[in-house]
Each structure stands twice: as C-alpha cells, then as structure tokens.
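Encoded as structure tokens, the structure appears first; notes follow it.
Here, each number is a calculation from the coordinates, and none is a lab measurement. Everything numeric in this text was worked out from a predicted model, so none of it was measured. All Cβ positions, even for glycine, are placed from backbone atoms using ideal geometry, and neighbour counts span all protein chains on display.
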Amino acid sequence: MNCPVCGKDEWHDLNYLRNRKYWYERNMIYDEKIGFAVCKECGYLGYNINSEDMKKRYTDQRNAVNWMHHVTGFRKLDNHMAFLNRDDFGDNVIDVGCGIGMFPFAVKKDKINAVGTEYSKALANYARGKYGLDIMEEIEDFNTKFSFISFYHVLEHIPNPDIIIDRAIKALSPGGKIYISVPIWLDKIINTSGGAIANDFEDYFHLNHCCCFTKTSFFNLLKMKKLKIVRKDEDILGMTVLCEYDESIESKYDIEKYESIVKTVEKIKAAIELFEKNKFGEAVGVFKRYPDAYIHKALNGDNSKNFQAQVEIIEAGLKEMPEEYPLLRQYAGVLLQWDGSKGEPAYSNNVHKAEEIFEKLVNIKRDPFCYESLIDLNMRHKKDYKKALYWINEYKKHDLEATKNIFGNEAYIYANGMNK
Ligand SMILES: [Zn+2]
C-alpha cells in the first residue's frame, strides 16, 4: 500500500508490538497480518494492508441498528452544534459515513438539502426508512455538487483517506466546506473511540482505525490536498476542522522521523501495561500525557480519602495538559467535594474555582455532570437559588434550543418528542 500522505511504499513493520490473538478471538482478523506499520519517509502511522482486508474488518462487525447508534448519534449532534453554525452548510449537505442518518436528518430543513453515504446496508436502510433520507454508497453516486461535505470520525476508518478526499474535492461546489474530525494518536493516551478508560493498548490502536493520525500526519494530509483550515477545535472530540479548498496551497508534508514514532508507540505500550497493573504513578512516569492515569492515581488507595493528595495529582496532570477536559472535570469535582465534606457547605475559594471550571466546561460538551454540579453548588454552597434555577433550566432546554437554533424546527419538534 502507498502511504496516504507522501505516496511512498516503504514501511517499517510494527507487528512485533501487537497481539494478533486478541483480534483473532474477536473475529476481527482471519488469516491476514495485523499490518501495523509506520511510513519510513514521512512517519505516517497506520496499517500496510490491502483495502479489501480492511473493509472486511468492520463490515463483518456491523449488525442490526441498536440503541447505541442513537446514543452515539445524539452525542455527535451535540458535538456538531458546539462547532458548526447554520451558515456553514450552504444549500446541499452530504454526510459521508452517516450511520443511521441523524446528522443529515437534523440538517435537512427549509432550503437545505441533506443526504448521506453509508456502506452498511442495515444502517443505510434505517436512515432511509426512519428519516426518509437519500442514502448511497459513494459521494459520486449522487452526481451533484455539495456545499458542505462531512467526514465526522470517518477518515480514520478508511484505508485511503487521500483518495476519498480527492473525490470529495471533485464533488465540492465553489466556496464549499469540508468538515473533518478525527482522533489524534501519540499526543496523549486517551480512549480513541471516545468515552471509556484508556487501559488497553490493542484498543488504543483498534483495528477499525486504519489511520492512526498524529497532529502532524493529519495536517500533512490536509496540506497535500490543498485544504485550508478555516476553523479548528481540539476540545470537543479529537481534532475537528472546517476546511476550504485552496488551489494556491503548496502540496507538501512535514517529516516526522519514523524512529521517534516507533519510540513513542513503545512508550505508550509500556505506560498502558503499567496502568493495567494499577501502577498509575509509574505509568505517568513513562508517558506524562496520560489523563486516565492521573485520575486513577488520584482515586486509588489512600489517595481516595485525601483531598490534598488528589488535588496535587490532578494538578500535576494539568501542568502537562492544561486544557484536558477529563482532568479539568475531575479537578473541579474534587474541589467541590472537598469543601462539601466539611460540615455546612460554604461558598469557599475551592467551590468558587470549581464553579469557574464547570461554567467553562459546560459550554464545551454540555455534560450532565457539569450541569448537575453547577446546580448543586449554587443550591447548597452559594445559596444562589436563582442561579441554580437558571442551570436547571439550561440543563433542560439546552438540547432543545440548540437543536432548534442550528438545525431548525423540524429537528426541534423531533428532539422535543424524544425528550418527553
Ligand atoms: Zn509517508
């Protein structure tokens, strides 16, 4: 396979780091190799394996539509609402790899047309039947131009993201936008699928994720494809960008030394193995940017009863990653709990600090824990009942109002129904 960034076909094999049996037992591979490798030319990390084998890896797992598709769909709608404006869409939207079609359905209103592509027949049929959407396999099947093309946590699942982007650019109307979000690897140890704890090396490099983008390799890919970033976010979910095609951009890539990529992957493996043995402090000693290891260290053993120790551990993590959402969330939680445990709750400096953090975080992800904490601290500590009521109302209406403002009445009515 040619590297999707630089186009060369010289790979450094990394299969020795992987557990083939793990994937064999999960019916994710059969007779083929795992194929984990790094490009010797540019340092792109991914899988050197033919695309048919790749496709088989996840088409085989996609079964009937279940409640998880809806949970994930709603979470992604929240993320879109936090990042996008209605003006971004133009009049003809396509969501590539749309799953059950919640995003195009939410967008589709008034004068905006929205369609999707989806390989899975079960998901595509659901999107057609439930939401009345036009769903095809590929962008070019629609034989039209789009003002907005979305790849939301999709490119990392495609063996040749370079080819898919080329095809998207061909289908983009003048001035149109390409919306891409991908997980970023190596920068920190987090659960790359979102949600759960990062305590499994094989899961960190889940075989569904054919492209293990680093920030550099992701930006390299965009530059090579002449995509100019017009908006960027790293807090909501992975790396999210809104791009425009710009002919004047010079197609080039920055080189990451493959030897240093190998070293980082080895370190990540060592750190996760320490985490698995509950050696959280040693894990962050090996790899400093490991949020779950700080959180677990803070909550483990004697530290669980010692607020001072907890605060110090989380602060050490924040020193490495000042904007890391789960660390800030944990930090604010501990600060609030700390003073909450000492008799009559007061509006102390710690609670004030927690409030500031929660108010910042609630705008990023509209996380129930942040709303609930803001309600709690205003009720019990600050005794500001008006403000508590404000957060209760925000909590209740945020989903509905944001849905209405960005996606329009049809989605609002739908969301209202769902919340009853
Ligand atoms: Zn390369």
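Annotations for the structure displayed:
- Among residues of region 213-236 that are closer than 20 Å to residue 82 by Cβ and acidic (Asp, Glu), those with a Cβ under 7 angstrom from a residue that is in a helix (DSSP H, G or I) and more than 13 Å from the ligand (Cβ to nearest atom), sequence gap 6+ or separate chain, pair up as 233/83; 235/325; 235/364.
- Residues that are crowded, with 22+ Cβ neighbours inside 10 Å and of a type in the set (Ser, Thr, Tyr), drawn from region 177-203: 179, 181
- Pairs linking a residue in region 373-385 that is in a helix (DSSP H, G or I) to a residue that is of a type in the set (Val, Ile, Thr), with Cβ atoms under 7 Å and 6 or more positions apart or on different chains, are 374/362; 375/392; 377/351; 381/351.
- Residues of region 244-262 satisfying the condition of being in a loop (DSSP other than H, G, I, E, B), among the hydrophobic types (A, V, I, L, M, F, W, C) and more than 13 Å from the ligand (Cβ to nearest atom): 249
Quick grid of which residues meet (1) surrounded by fewer than 15 Cβ atoms within 10 Å (Cβ to Cβ); (2) over 24 Å from residue 74 (Cα atoms); (3) among the β-branched types (Val, Ile, Thr):
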position	(1), (2), (3)
111	yes, no, no
117	no, no, yes
153	no, no, no
166	yes, yes, no
175	yes, yes, no
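- In region 4-17, the residues that are closer than 22 Å to residue 155 by Cβ and either aromatic (Phe, Trp, Tyr) or surrounded by 14 or more Cβ atoms within 10 Å (Cβ to Cβ) (or both): 4, 5, 6, 11, 14
- Within region 321-346, if we keep just the residues that are surrounded by fewer than 16 Cβ atoms within 10 Å (Cβ to Cβ) and closer than 19 Å to residue 187 by Cβ, the residue that is farthest from the chain's Cα centre (by Cα) turns out to be 322.
- The condition (being basic (Lys, Arg) and more than 27 Å from the chain's Cα centre (by Cα)) is satisfied by just one residue among 297, 288, 353: 353.
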